Structures are given as C-alpha cells and as structure tokens.
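Below you'll find the structure, written out as structure tokens, and then a few comments.
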Amino acid sequence: MISPVMPTYARADLAFARGEGVYLYTADGERYLDFAAGIAVNALGHGHPRLVSALAEQGAALWHVSNLYRIPDQERLAERLVANSFADSVFFSNSGAEAVECGVKMVRRYFDEAGEPGRYRIITCAGAFHGRTLAAIAAGGQEKHLAGFDPVVDGFDQVAFGNLNELRAAIGPETAAILVEPVLGEGGVRVADPEYLRGLRAVADEYGLLLFFDEVQCGMGRTGRLFAHEWAGVTPDIMALAKALGGGFPVAACLATGRVAACMTTGTHGSTFGGNPLAMAVANAVLDVMLADGFLDTVERMGNILRGRLDEIAARRPEAVEDVRGLGLMLGMKLRTDARDMVERLRGRGLLTVAAGDNVLRLVPPLIIEESHIDEAAAILDRCLAEAPA
Ligand SMILES: *Cc1c(COP(=O)(O)O)cnc(C)c1O
C-alpha cells in the first residue's frame, strides 16, 4: 500500500526533535553533528537566537497579507540585496526552482520586449541542477529527472561544464542566455574556474546574451563571499537565490539588473506567498548576521581549515578518496567507495553529510561552525574511511 506521504524520497529511518547550533537531536537524545545543514539551508545552524526571535516577533504581529499590499520588510530586503549585489531589482518566491523559473521567464520576456521573440533558448551545463519544475528539469537536462515527464519543455541546450569552446559552438540565432551554477552543488561540488566565469561574461557580451547564475546553493555566504561569483570578479544579469536565504524558512529570490528587470511589468509574474512578512522577517535577520563585520571572513577561514583537514585525510587514504573539491564551506570528497554508503556509515557515527553526483561526499555545514566541530567531523570521517571496504 502506498504511504500517505507520497514516496518520492529515499529517506533515512531517522527523525529529529530538536536542533541547537551545529547539532541535531533525536527525541531520545541522540546527538548528530550536522554537516548537511538541510542541504546547505541552515546556514546559521539550528535555533539561532536572532532567527528565533525574528520569527517569534513577526509570528505574533503578522504572517501573510499577499502582494496586494505593500510589505515594508520585503522592500527592505530587496534594497539590501540590491545594495550588496550587482542587481537593481528582486522578485521573491518560495523555492529555488521558482527563482530559476522567474529567471527563465525574464530571459524570454526580455528578448520579446526587445523585438526578438525568436530568441528564447538558454544554454545550460551537463551535471547542473536547477530544481524540479518542468522548466527546471529541462534546464538541468538530467535523464533521471526527466524520465516519464515528456514532453520536455523546449528551449534548453546543454554543453559540458567548464568548456567555453563547446559553449561558443552551441550559440545560435535563437540563443538568449547562459545559465550556470558557479559551483555545481548536486552535480558533485565542482567549482567553476574563475577564468571560465570571466569567459562566460565575455561570450555573453560578445553575442548579446544574458548571463544567469544559479546561486541557489552556492550563494548567501556559503563560499566565504556573499555570492560565489564574486570570487571571479564578474557579475551576471540574473541570479537565483534560495537555500540559505531564509536559514531554513522557505524563501527564494530572483535578482536582475534594471535593464533586464524592466521587462517584468505589472501583471507579468506573481506569487501568492512570495515575500510574505514571515519570510521577509527571517531573511532580513539572516542578512543582519551575514553582513555583520567578520562573518564572511570567518566562513572563509573555517572553509580553509576544513579543506586542510580533508586534504590531509585524502592524502592519508588514497585508496578511499580520489580528490577534494569545493570553495569555502561548500566542500566535497570524491570517493572510490560508494558515497551514499559512506553517508550512511557517517550517520551511524553521528555525522550528517549529503551525497552529491559524481560519487561525491558533500560537506555543507552551518556557516557558524567552529574549529572544534571541524576536528570532531574530521575524526569521524577519517575513522569511517579507514573502515570502508576497498
Ligand atoms: C536546490 C537547488 C535548486 C532547487 O531548489 P528547490 O528549493 O528545491 O526548488 C535549484 N538550483 C540549485 C543550484 C540548487 O542547489
């Protein structure tokens, strides 16, 4: 018989009752060190006092009014995202896929308004992940996500990640944009070379294409910069954000330059829940913490420390680890043993991680971790890798 919860997930038989900082606890008090962070979502860990009070205060005042009215905290969050990015305007939604969808619609409408309605195709990368709506699975282009859901939404052409020549060759008269994750998350924590990102900007400018970065996973402080593309010194025209934006409260955003966003006039797009007072209160609190002096520097420093530990482990256990990759606190170990099996073993020892594509063990801890947490995780990791079957 089918379960009341639709069986779309392969869940671990484990439930948590409470979280505190970098730890999760089951109802009977078992403790887990959380280096999964709800898939790079709980950037400030669990039960962060600033987020808890922001949610409680807003919860007592006002939850939802819809976008029929002004939402002062939405205006404030948009102003702050604009002030701290390349963008001039923001559309709020509730999930990463919706933020990507907004960007895709914006690409199409931008060229339509420019009198080139035939220009709608978007070049994406093999191994990418952009969410699970019909357009997002077409953009991601992964067979396992597309299977059974034909017809595929038209308008996406895939090229190899990191290959500018292949990308140039894929540009045709209908090409409108390039959509890339600066760090592939689900696709195995692969970091785009800064040269590649600069090359994408140059190609986009040369052909009059829009550059669209999906920073749903790598954005919001994860790499030690507010946005991962800052490392390359280039800016996109459109960017999708979600995961860490609300620190665990569902909220997403699609940012764009004024030139591009100008096509999104009244009535062209919308969301009932998007940018509601509860989400905005929490996201503003997340930003308060992330923009405070020293926060991102500490993320970078902790990222370097964790990276160093992973490199040491990899050097000690070449039979188990093929390489270490990532940026900031978005790190991965490509294993020679099965990554999903390793996630289970680590969980059995009290360390939560996530598997990613390319047989990678993904480590995306809360950005508030301290060195002691890194020591604790490294010890568990080293032990489990030592025990893993060759
Ligand atoms: C998680 C993710 C998405 C989809 O986000 P949802 O909130 O699950 O819709 C899109 N793009 C990237 C890069 C992601 O990591």
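The values are calculated or read from the model by the stated rules, or taken from the named source; none is laboratory data. Just so we're clear, the structure is a prediction, and the values are computed from it rather than from any experiment. Note that we place each Cβ from the backbone using ideal geometry, even for glycine, and neighbour counts take in every protein chain shown. The area values use the complete protein model at the heavy-atom level, side chains included, leaving out ligands, DNA and RNA. Shrake-Rupley method; radii C 1.70, N 1.55, O 1.52, S 1.80 Å.
When you go through GLU98, GLU57 one by one, which is the residue that is assigned to a helix (DSSP H, G or I), surrounded by 13 or more Cβ atoms within 10 Å (Cβ to Cβ) and either touching a residue at least 40 places away in the same chain (Cβ under 8 Å) or over 25 Å from the mean Cα position of the chain (by Cα) (or both)?
Going through GLU98, GLU57 in turn, the sole match is GLU98.
Here is a list: ARG108, ARG70. Which entry is assigned to a helix (DSSP H, G or I), surrounded by fewer than 24 Cβ atoms within 10 Å (Cβ to Cβ) and more than 16 Å from the ligand (Cβ to nearest atom)?
None of the others qualify; the one that does is ARG108.
Looking for something open to solvent by 10 Å² or more (accessible area, probe 1.4 Å), touching an Asp or Glu at 6+ places or on another chain (Cβ under 6 Å) and either within 20 Å of PHE213 (Cβ to Cβ) or not polar (S, T, N, Q) (or both) - is there at least one such residue anywhere in the range 278-290?
yes
What pairs come out if I take residues in the range 190-202 that are within 24 Å of LEU329 (Cβ to Cβ) and pair them with residues that are open to solvent by 60 Å² or more (accessible area, probe 1.4 Å) and modelled with pLDDT under 95 whose C-beta lies under 9 Å away, six or more apart or interchain?
What qualifies is ARG190/ASP358.
Would you confirm whether any residue within the range 213-224 is surrounded by fewer than 24 Cβ atoms within 10 Å (Cβ to Cβ) and either in a loop (DSSP other than H, G, I, E, B) or not charged (D, E, K, R) (or both)?
yes
When you go through (1) in contact with a strand residue (DSSP E or B) (Cβ under 8 Å, 6 or more places away or on another chain); (2) under 17 Å from ALA244 (Cα atoms); (3) of a type outside the set (S, T, N, Q) one by one for ALA281, which number turns out not to apply?
(1)
Kindly list, by first and then second residue, each pair from a residue in the range 130-142 that is more than 8 Å from the ligand (Cβ to nearest atom) to a residue that is at pLDDT below 95 and among the hydroxyl-bearing types (Ser, Thr, Tyr), limited to pairs with Cβ atoms under 8 Å and residues at least 6 apart or on different chains.
none
On the basis of being away from the ligand (no atom under 16 Å from the Cβ) and either in contact (Cβ under 8 Å) with a residue 40 or more places away in the chain or within 18 Å of PHE212 (Cα to Cα) (or both), does GLU75 make the cut?
When the stated conditions are applied, GLU75 does not pass them.
Only one of (1) open to solvent by less than 10 Å² (accessible area, probe 1.4 Å); (2) part of a loop (DSSP other than H, G, I, E, B) fails for GLU186. Which number is that?
Tallying (1) open to solvent by less than 10 Å² (accessible area, probe 1.4 Å); (2) part of a loop (DSSP other than H, G, I, E, B), GLU186 fails exactly one: (1).
Quick check on my filter: what residues within the range 184-226 are on the phi < 0 side of the Ramachandran plot, among the β-branched types (Val, Ile, Thr) and within 16 Å of the ligand (Cβ to nearest atom)?
Residues satisfying the conditions are VAL191, VAL216, THR223.
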